[in-house]
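For reference, the structure discussed in these notes is given below.
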Amino acid sequence: MTIHNLYIFERGGRCLFYSEWHRRRGPGIPQEEEFKLMFGMLFSLRSFVAKMSPTDMRDGFVAFHTSKYRLHYLETPSGLRLVLNTDLGVPSAREALQHIYGNLFVELVVKNPLCPPRAPVQSLLFRQRLDAFVRSLPYFGPRNPQN
Amino acid sequence: MSRQGGRGTESKKMYWYLPFISPSASLQLMNSELFTLTYGALVTQLCKDYENDDDVNKQLDKMGYNIGVRLIEDFLARSNVGRCHDFRETADVIAKIAFKMYLGITPSITNWSPGGDEFSLILENNPLVDFVELPDNHSTLIYSNLLCGVLRGALEMVQMAVDVKFVQDTLKGDSVTEIRMKFIRRIEDNLPAGEE
């Protein structure tokens, strides 16, 4: 079990924060391009999922997986989108994403007067605490990740 | 109001802007009189800085807006409220959860417009004005206008454009304080430019 990377987007598609851990293989495109693609994919998937849903839904989609990784997604009503990629051994990272939002992002970024709202996160403290939190997760596998 | 029951010495400190990573710390309550007096000091200073009441009202609204756009995140994280289906649900959440959480009061919701896009929040008791009387030369000052800005800013972040204003105020001799909220439109998501 392992964690690959984390993205935080604001409503307009700007990537506010990115961090990676066990990501062995890069995407082969510039990072800006990768963010755009990721956000565009989320945007489309989200609207498609909403159209297909038999009843009105609140949470939208929460995760998808491929043969190699699982993408966990959390969207807040304020339009913040958190994306965590892990390997297939992690069934749900929803609580971790909730924690990152409620206890790290809100406390360290939103309530930090030095961080302008909806701007890329510069706070070193946030980066450190986030890193410590992700490393403390039971499914953060430091040794011998498969992918 | 009393402080959250403290364990050890840590909880005796108040961290105003330095973040504090612990759920119990974020629930720390502030003494309500200190809060009321601080707000009073803020309005007083604005009255000194600006010539006329209209400018003070505008400034209060603007400050409130800036508070609101951040406060909504704290609210969503702490209350776990999901997206509202209609404006009536929004009204309920504002009155019963948000006001309760941040001001310790629960305003009542009345005077729905027939179209369901406008309502009033009636505040029996507004904690911001506990020790306040308006002097004669400030008759057009909307003392609690910050609240309007907060509501407007917070709702804008959840994609609702609203118009918020005071229509009655106990400071001006009315029997209750009434905030009128009007739904203007939903702010739709747009795919950022340059993408298909």
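The values are calculated or read from the model by the stated rules, or taken from the named source; none is laboratory data. Because the structure is a prediction, the values reported are computed rather than measured. Because the Cβ atoms are built from the backbone with ideal geometry, glycine has one as well, and the counts that use them run over all protein chains shown. For accessibility, only protein heavy atoms count, side chains too; no ligands or nucleic acids. Shrake-Rupley method; radii C 1.70, N 1.55, O 1.52, S 1.80 Å.
Restricting the first member to the range B:112-141 and to residues that are under 11 Å from B:Thr170 (Cα atoms), and the second to residues that are of a type in the set (Lys, Arg), the beta-carbon pairs closer than 8 Å and six or more apart or on different chains are B:Leu134/B:Lys172. Taken over the range A:97-133, residues that are more than 10 Å from every other protein chain (Cβ to nearest Cβ), closer than 23 Å to A:Phe43 by Cβ and either touching a helix residue (DSSP H, G or I) at 6+ places or on another chain (Cβ under 8 Å) or loosely packed, with under 13 Cβ neighbours inside 10 Å (or both) amount to 3. Across the range B:155-186, the qualifying residues are those that are hydroxyl-bearing (Ser, Thr, Tyr) and open to solvent by less than 70 Å² (accessible area, probe 1.4 Å), and the one among them that is nearest to B:Glu118 (Cα to Cα) is B:Thr177. If you go through the range B:38-47 one residue at a time, do you hit one that is in a helix (DSSP H, G or I), within 14 Å of chain A (Cβ to nearest Cβ), under 14 Å from the mean Cα position of the chain (by Cα) and at pLDDT below 95? Checked against the condition, which is being in a helix (DSSP H, G or I), within 14 Å of chain A (Cβ to nearest Cβ), under 14 Å from the mean Cα position of the chain (by Cα) and at pLDDT below 95, the range B:38-47 yields no hits at all.
Given A:Ser44, A:Ser92, which one is free of Cβ contacts under 8 Å to residues at least 12 places away in the same chain and of a type in the set (Ser, Thr, Tyr)? Quick ask: steps written out before the conclusion?
On the way: A:Ser92 fails: free of Cβ contacts under 8 Å to residues at least 12 places away in the same chain.
It is A:Ser44.
When B:Ile97, B:Ile67, B:Ile72 are checked against the criterion of being assigned to a helix (DSSP H, G or I), within 14 Å of chain A (Cβ to nearest Cβ) and surrounded by 19 or more Cβ atoms within 10 Å (Cβ to Cβ), a single residue qualifies: B:Ile72. Part of a helix (DSSP H, G or I), open to solvent by 50 Å² or more (accessible area, probe 1.4 Å) and touching a strand residue (DSSP E or B) at 6+ places or on another chain (Cβ under 8 Å) - does that describe any residue in the range B:137-154? Yes, some residue in the range B:137-154 is part of a helix (DSSP H, G or I), open to solvent by 50 Å² or more (accessible area, probe 1.4 Å) and touching a strand residue (DSSP E or B) at 6+ places or on another chain (Cβ under 8 Å). If I filter the range A:135-145 for residues that are under 17 Å from A:Arg11 (Cβ atoms), open to solvent by 30 Å² or more (accessible area, probe 1.4 Å) and either facing another protein chain (nearest Cβ under 8 Å) or modelled with pLDDT under 90 (or both), do I get at least one hit? Within the range A:135-145, not a single residue is under 17 Å from A:Arg11 (Cβ atoms), open to solvent by 30 Å² or more (accessible area, probe 1.4 Å) and either facing another protein chain (nearest Cβ under 8 Å) or modelled with pLDDT under 90 (or both).
Of all the numbered requirements in (1) away from chain A (no Cβ under 14 Å); (2) assigned to a loop (DSSP other than H, G, I, E, B), B:Asn190 misses one, and that requirement is (1).
Of the candidates A:Tyr69, A:Tyr18, A:Tyr7, A:Tyr73, the single residue that is touching a Cys at 6+ places or on another chain (Cβ under 7 Å) and away from chain B (no Cβ under 14 Å) is A:Tyr7.
If a residue must be within 9 Å of chain B (Cβ to nearest Cβ) and more than 11 Å from the chain's Cα centre (by Cα), how many such residues does the range A:76-96 contain? I'd like the intermediate steps shown before the answer.
So in the range A:76-96, the residues within 9 Å of chain B (Cβ to nearest Cβ) come out as A:76-80.
When the remaining residues are screened for being more than 11 Å from the chain's Cα centre (by Cα), the result is A:76-79.
Matching residues across the range A:76-96 total 4.
Looking across A:Arg58, A:Arg94, one residue alone is surrounded by fewer than 21 Cβ atoms within 10 Å (Cβ to Cβ), in contact with a strand residue (DSSP E or B) (Cβ under 8 Å, 6 or more places away or on another chain) and within 23 Å of A:Phe39 (Cβ to Cβ). It is A:Arg94. Here A:Phe17 clears all of (1) more than 24 Å from A:Pro120 (Cα to Cα); (2) crowded, with 16+ Cβ neighbours inside 10 Å except the condition numbered (1).
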